[in-house]
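Read through the structure below, which is laid out as structure tokens, and then see the notes.
Taken together, the values in this text are just the output of simple stated rules run on the coordinates, not laboratory data. Just so it is clear, the model here is predicted, and its values are computed rather than measured. A quick note on method: Cβ atoms are made from the backbone with ideal geometry, for glycine too, and the neighbour counts reach across all protein chains shown.
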Amino acid sequence: MTLRVALAQCNPTVGDLSGNLDLLRRNLVQTRSHDVHLVVFPEMVLSGYPPEDLLLKKHFLLECRRLLDAFAADCKDMTALVGFPEFDGDACYNSLAVCRRGRIDAVYRKCLLPNYGVFDERRYFHSGSTPLAIIEKDLSLVLTICEDIWDIETLAGSLASLPKKNVIINIAASPFHAGKLRQRQDVISAAARRFGCAVVYCNLIGCQDELVFDGRSLVFDASGTLALQGRPFREDLVVFDMSPGDSGLTIHPILVSSMKLPGDPVAEVYEALILGIRDYVRKNGFQKVLIGLSGGIDSALTAALAVDALGPRNVVSLTMPTRYNSPETIGDAKLTAENLGIDIHTVPIGDLLSHFSRALYQVPGWDEKGLAYENLQARIRGTILMSLSNQLGCLVLTTGNKSETAVGYSTLYGDTAGGFAVIKDVPKTLVYELSHYINRLHGREVIPRSVIDRIPSAELRENQKDSDSLPEYDLLDRILKGYVEQIKSGQQLIDEGFPPEVVNKVIRLIDRSEYKRRQCPPGIKITPRAFGKDRRMPITNKYSF
């Protein structure tokens, strides 16, 4: 007997319970047109993921259950598996509801709760302890949720009491970082081989604050071979038949998108950034964004990404020159805006800088010779951007990259002022790769070649270069990857051949800049260990190396 399954890879919004219910219902209607018997939704799809301290609100959990009951009433002619936060007594669970025959027929509770990286599920949830299998078309479907399948031996112990396993179904809210897909595929393939059955995996898509969920739902056969994959970074409905055969279940595609992301890892990061911008802006109620265009590569890349995510009519740019900005960079800011088809406004800040400085001379000790004067320029620009954001209703996108953010090469309340830090987790070397990729993608010079080729400079004093204060970015980024993402000590990096004086300097800069990072806007996570939820270091901290 054949079981027709649909994986509804969809994009909920945290806390939008009625909107998420509508999303479930729209997918249910679509699956009916394909004669589906079983539709699988992602983890926590009803509430959105992660709902964080919303889970501490009893009324929120009760509302989730009320709407889940309403959805279950729609499931008279098929079975739907729905992720939701379950409230039972004084406990909250990360649960999967089996909706069929017009009611909630059974509930599975997630057993393994991740508590590392961006996850802190033990803060909110109790662990389940009982495995659950349901029967559909004479097939035994074992239900699991995300982390449950990442520890195969623990899962094996949990499932030992189940006499029959034809298919393992895993609903997930697994966030993206570069290289994550290969990890997922390896884990799910290993589970299929270990249990000798097909594994069906349905993942969330969308952006929630720093996190991007990339979809790419998966179906593996019992041999551990990938049979089907959902679209990357987009909503999708994957429909397929599962039929018993002499050598196990046969998987036959019915509705599968042909779109596949190219193997280029830079393309993958680009797609994550586009989805992250679009969802963060739209889900937070904005239509337009505002960007300060300096003529440098970081702001040019941020603007290009924003245009690809939102369209040129929804991106407004501003250039705010002083006497320290060269005619070339001023010209490149305007050329970038022209290439992108976006509005650009020029607000010179030389007179404002003079007025501020004259006022500050009332305080003994002020002068125009040092870092404070340089930072004053950035703070004037930040004030202008935030004032226009307030007036025009545009969200300000900041333009600092991960390399600068790591070592504090930024100005609090200046270039860190804004609502969303698009490339906060993008190292400078990847900034260049993404810029080249965008130009190739569009088949023209979207980001001017002169911008890409120019020696990086903040242009806050005469003849300034980033390399006056920092190591060359190629070296800096390799040290940052080791210290921040791989959690290596300074001595380990030195033993690997990095120059001791450079390692020591970079680590000091990283450690003493935590207070700055804590005050920066959220940004899109694209590396295995981003600043923010991933890396939580104390501000007051005397330990180093």
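General observations
- Within the straight-line cut-off of under 16 Å between alpha carbons, the aspartates and glutamates reachable from residue 76 are 35, 105, 136, sequence neighbours fewer than 8 places apart in one chain being disregarded.
- Counted by neighbouring Cβ atoms within 10 Å, the residues 254, 297 run from fewest to most as 254, 297.
- Placing +1 on the Cβ of every Lys and Arg and -1 on the Cβ of every Asp and Glu, with no other charges, gives the chain a dipole of roughly 660 debye about its Cα centre.
- J(HN,Hα) series, region 416-425, from Karplus relation 6.51 cos²θ - 1.76 cosθ + 1.60, nearest Hz, glycine and proline x: 8, 6, x, x, 8, 9, 4, 10, 4, 10
- Long-range amide H partners of residue 78 with built H, under 5 Å: 101
- A simple spin-label model places pseudo-atoms 7 Å from Cα toward Cβ; at residue 160 and residue 140 they are separated by 1.6 nm.
- Stretchable slack from residue 469 to residue 77, in nm (0.36 nm times residue separation minus alpha-carbon distance): 134.5 nm
- Each of residue 390 and residue 62 was given a label point 7 Å from its Cα along the Cα-to-Cβ line. The distance between the two points is 4.0 nm.
- Paramagnetic reach from residue 412 in region 516-545 [backbone N under 20 Å; point 7 Å along Cα→Cβ]: 516-523, 531-533, 535-543
- Here the contact order of region 316-415, divided by its residue count and restricted to Cα pairs under 8 Å and six or more residues apart, works out to 25 percent.
- Projected label points at residue 69 and residue 445, each 7 Å from Cα along the beta carbon direction, are separated by 6.5 nanometres.
- FRET efficiency for residue 542 and residue 115, using Cβ-Cβ distance with R0 set to 35 Å, rounded to 0.05: 0.85
- Applying a 4.7 Å cutoff between beta carbons, the unpaired cysteines of the chain are 10, 64, 92, 111, 146, 197, 202, 207, 394, 520.
- Set 110/428; 369/516; 334/481; 465/516 screened for pairs whose C-alpha atoms are more than 29 Å apart: 110/428; 334/481
- Sorted ascending by nearby beta carbons within 10 Å, beginning with the fewest, 320, 1, 537, 386 become 1, 537, 386, 320.
- Mean Cβ count within 10 Å, highest first, over the residues of peptides 110-116, 167-173, 265-271, 277-283: 167-173, 277-283, 265-271, 110-116
- Estimated FRET transfer efficiency (residue 358, residue 453; beta-carbon r; R0 25 Å; 0.05): 0.10
- Between the residues 382, 483, 293, the greatest Cα displacement towards the positive end of the dipole of the chain, with unit charges on the Cβ of Lys, Arg, Asp and Glu, is found for 382.
- Looking at region 307-362, the chymotrypsin sites (Phe, Trp or Tyr not before Pro) that sit in a DSSP loop and have at most 16 other Cβ atoms within 10 Å of their own Cβ are 361.
- Residue ranges 448-458, 190-200, 488-498, 223-233 sort as 190-200, 223-233, 448-458, 488-498 when ordered by packing (mean number of other C-beta atoms within 10 Å per residue, highest first).
- Per residue, the average separation of C-alpha pairs within less than 8 Å and at least 6 apart gives the chain a relative contact order of 11 percent.
- Taking the Cα centre of region 3-255 as origin and assigning +1 to Lys and Arg Cβ atoms and -1 to Asp and Glu Cβ atoms, the resulting dipole is close to 380 debye.
- Rel. contact order, % - alpha carbon contacts under 8 angstrom, at least six apart, region 265-467: 25 percent
- Remark on residue 212: its backbone amide H falls under 5 Å from those of 176, 525, a criterion applied only to residues 5 or more positions apart or on other chains, H modelled at 1.01 Å from N.
- Residues 286, 545 in ascending order of nearby Cβ atoms (within 10 Å, fewest first): 545, 286.
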